[in-house]
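Engineer: I'd like to ask you about the structure that follows.
The values are calculated or read from the model by the stated rules, or taken from the named source; none is laboratory data. Everything numeric in this text was worked out from a predicted model, so none of it was measured. Positions of Cβ are backbone-derived with ideal geometry, glycine not excepted, and every protein chain shown enters the neighbour counts. All accessible areas refer to the heavy atoms of the entire protein, side chains included, with ligands and DNA or RNA removed. Shrake-Rupley method; radii C 1.70, N 1.55, O 1.52, S 1.80 Å.
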Amino acid sequence: MRAIDAFLTKYPDLAPCEEDIQNAYGILEQCFRSGGKLLICGNGGSASDSEHIVGELMKGFMLPRKLPEPIITRFREAYGGEGEALASKLQGALPAISLVSHAALVTAIANDTDAALAYAQQVYGYGRPGDVLLAISTSGNSKNVVNAVKVAGVQGLKTIGLTGARGGQLTKLCDVCIRVPYHQTFEIQERHLPVYHALCIGLEEAFFGS
């Protein structure tokens with residue numbers, strides 16, 4: 001995969017993660033080709049990363065994502081020139097949902113049941129077999145993230161962990177765990193960024209490249 005190879009050339013310190021990054025990419029590509037979606041969760045900086053990843057997948061990132069001509073035709077037939085103008089501004093998307101974004105739901109779960117289930121409850125509600133959960137935790141032990149992965153496993157989702165060197169509980173729970181070779185939180189987060197950018201660029205090339 002060109003995007004992953006390019007990032008590993010730029011970030012040679014991530015070479016120990018190459019196999020896991022490639023395996024994670026394979027899981028994600030299969031998910032989207034089968035009509036599945038990606039759920040993402042994390043805390044603090046990892047919550048911000050969850051939002052960031054959705055932004056790269058749900059609209060154009062590095063490439064234009066013009067809608068297929070049959071879909072443009074449907075807009076044109078339904079709404080004439082206005083439909084065609086609308087279709088010209090829409091972009092191809094890979095369906096991804098950040099579980100950190102739903103403040104009313106998250107606070108209701110925290111108040112009514114257990115804050116450690118804020119992501120697990122959403123995985124139970126949204127997740128379907130064939131979907132993927134990307135669980136981001138620098139320690140690999142964040143309780144709400146670990147609970148989400150456990151529910152995902154029962155629900156038939158594939159799971160990808162993105163952690164620091166130790167990997168924590170996510171190492172054993174996830175189908176694939178990408179453990180960047182750092183121990184301090186800020187250094188782990190700095191290397192999570194190129195990892196998920198490589199995955200997003202690779203997916204965009206696969207689905208929207210020429």
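Engineer: Over the Cα atoms of the range 54-110, each weighted equally, I'd like the Debye log10 I(q)/I(0) at q = 0.28 Å⁻¹, rounded to two decimals.
Structural biologist: The Debye formula, applied to the Cα set alone, gives -1.03.
Engineer: Under 5 Å between amide H atoms, partner at least 5 residues away or on a different chain: which partners does Ala96 have, H built in plane at 1.01 Å?
Structural biologist: Under 5 Å from the amide H of Ala96: Leu38.
Engineer: Hey, how many Å between the Cα centroid of the range 164-207 and the Cα centroid of the range 56-112?
Structural biologist: Rounded to whole Å, the Cα centres lie 26 Å apart.
Engineer: Right, something else. Just to check I understand the Karplus step: with θ = phi - 60° and J = 6.51 cos²θ - 1.76 cosθ + 1.60, what whole-Hz values come out for the range 142-153, glycine and proline as x?
Structural biologist: 4, 4, 5, 6, 4, 4, 4, 5, 4, 5, 4, x
Engineer: Residue separation times 0.36 nm, minus the C-alpha to C-alpha distance between Ala104 and Ala6: what's the value?
Structural biologist: Working: separation 98, 0.36 × 98 = 35.28 nm, distance 4.04 nm.
This chain segment gains 31.2 nm when fully extended.
Engineer: Expressed as a whole percentage, what fraction of the accessible surface of the range 73-210 belongs to carbon and sulfur atoms when a 1.4 Å probe is rolled over the protein heavy atoms?
Structural biologist: Details: 3500 of 6710 Å².
The value for the range 73-210 is 52 percent carbon and sulfur by accessible area.
Engineer: Shape verdict for the range 92-172, please, from the Cα gyration tensor: rounded (a/c under 1.5), prolate (a/b greater than b/c) or oblate.
Structural biologist: Taking the square roots of the gyration eigenvalues as a ≥ b ≥ c, the range 92-172 is oblate.
Engineer: Given +1 on the Cβ of Lys and Arg, -1 on the Cβ of Asp and Glu, and no further charges, what dipole in debye does the range 1-92 carry about its Cα centre, rounded to the nearest 20?
Structural biologist: Working: 10 positive and 13 negative charges, 88 e Å.
In total the dipole reaches around 420 debye.
Engineer: I would also like to ask the following. Can you give the accessible area per residue of the chain, in Å², using a 1.4 Å probe?
Structural biologist: Values: 10350 Å² over 210 residues.
Counting only protein heavy atoms, the per-residue value for the chain is 49 Å².
Engineer: Distance cut-off 19 Å, Cα to Cα: go down the list Lys59/Lys89; Lys66/Lys158; Lys59/Lys143; Lys150/Lys172 and report the pairs above it. Walk me through the intermediate numbers first.
Structural biologist: On the way: Lys59/Lys89 11 Å; Lys66/Lys158 29 Å; Lys59/Lys143 31 Å; Lys150/Lys172 11 Å.
Going by Cα-Cα distance, Lys66/Lys158; Lys59/Lys143 fall outside the 19 Å limit.
Engineer: Under unit Cβ charges (Lys, Arg +1; Asp, Glu -1), what dipole magnitude, rounded to 20 debye, does the chain have relative to its Cα centre? Can you show the working numbers first?
Structural biologist: Values: 18 positive and 21 negative charges, 52 e Å.
My answer is approximately 260 debye.
Engineer: Which of Thr159, Gly125, Ile4 sits farthest toward the positive end of the charge dipole of the chain, with +1 on the Cβ of Lys and Arg and -1 on the Cβ of Asp and Glu?
Structural biologist: Of the listed residues, the answer is Gly125.
Engineer: Counting only the backbone N, which residues of the range 18-32 are under 15 Å from the spot 7 Å out from the Cα of Ile71 toward its beta-carbon?
Structural biologist: 32
Engineer: Continuing with this model, one more query. With a cut-off of 18 Å, note down the residues of the range 10-33 whose backbone N falls inside the zone around a label point 7 Å from the Cα of Glu190 toward its beta carbon.
Structural biologist: Answer for the range 10-33: 10-17.
Engineer: Something else about it: Calculate, in nm to one decimal, what Gln30 and Gln155 gain on full extension: separation in residues at 0.36 nm each, minus their alpha carbon distance. Please report the intermediate quantities before stating the final value.
Structural biologist: Working: separation 125, 0.36 × 125 = 45.00 nm, distance 1.74 nm.
That works out to 43.3 nm of additional length.
Engineer: Ranked highest first by average number of other Cβ atoms within 10 Å, how do 58-70, 15-27, 41-53 line up?
Structural biologist: 41-53, 15-27, 58-70
Engineer: Just need log10 I(q)/I(0) for the range 128-204 at q = 0.27 Å⁻¹, Debye formula, equal scatterers on the alpha-carbon atoms, no solvent, rounded to two decimals.
Structural biologist: Result of the Debye calculation: -1.20.
Engineer: Considering only Ile71, Ala93, Ile53, whose Cα is most displaced toward the positive end of the charge dipole of the range 48-99, charges sitting on Cβ of Lys, Arg (+1) and Asp, Glu (-1)?
Structural biologist: Ile71
Engineer: Extension gain Asp112-Asn23, at 0.36 nm per residue separation less the Cα-Cα distance, in nm?
Structural biologist: Numbers: separation 89, 0.36 × 89 = 32.04 nm, distance 3.79 nm.
Once the chain is fully extended between Asp112 and Asn23, it gains 28.2 nm.
Engineer: To continue, here is another question. Dividing the alpha-carbon Rg of the range 1-51 by 2.2 N^0.38 Å yields what? If you can, show how the numbers build up before the last one.
Structural biologist: Details: Rg = 13.1 Å, N = 51, 2.2 N^0.38 = 9.8 Å.
So the range 1-51 has a normalised radius of gyration of 1.34.
Engineer: Still on this structure, please answer the following. Just to verify a number: what accessible area does Thr185 come out at with the full protein assembly present, 1.4 Å probe, Å² rounded to tens?
Structural biologist: About 70 Å², rounded to the nearest 10.
Engineer: Could you tell me how many cubic angstrom of Cα convex hull volume the chain has per residue? Mind dumping the intermediate values first?
Structural biologist: Numbers: hull volume 26.2 nm³, N = 210.
Taking only Cα atoms, the chain has a hull volume of 125 Å³ per residue.
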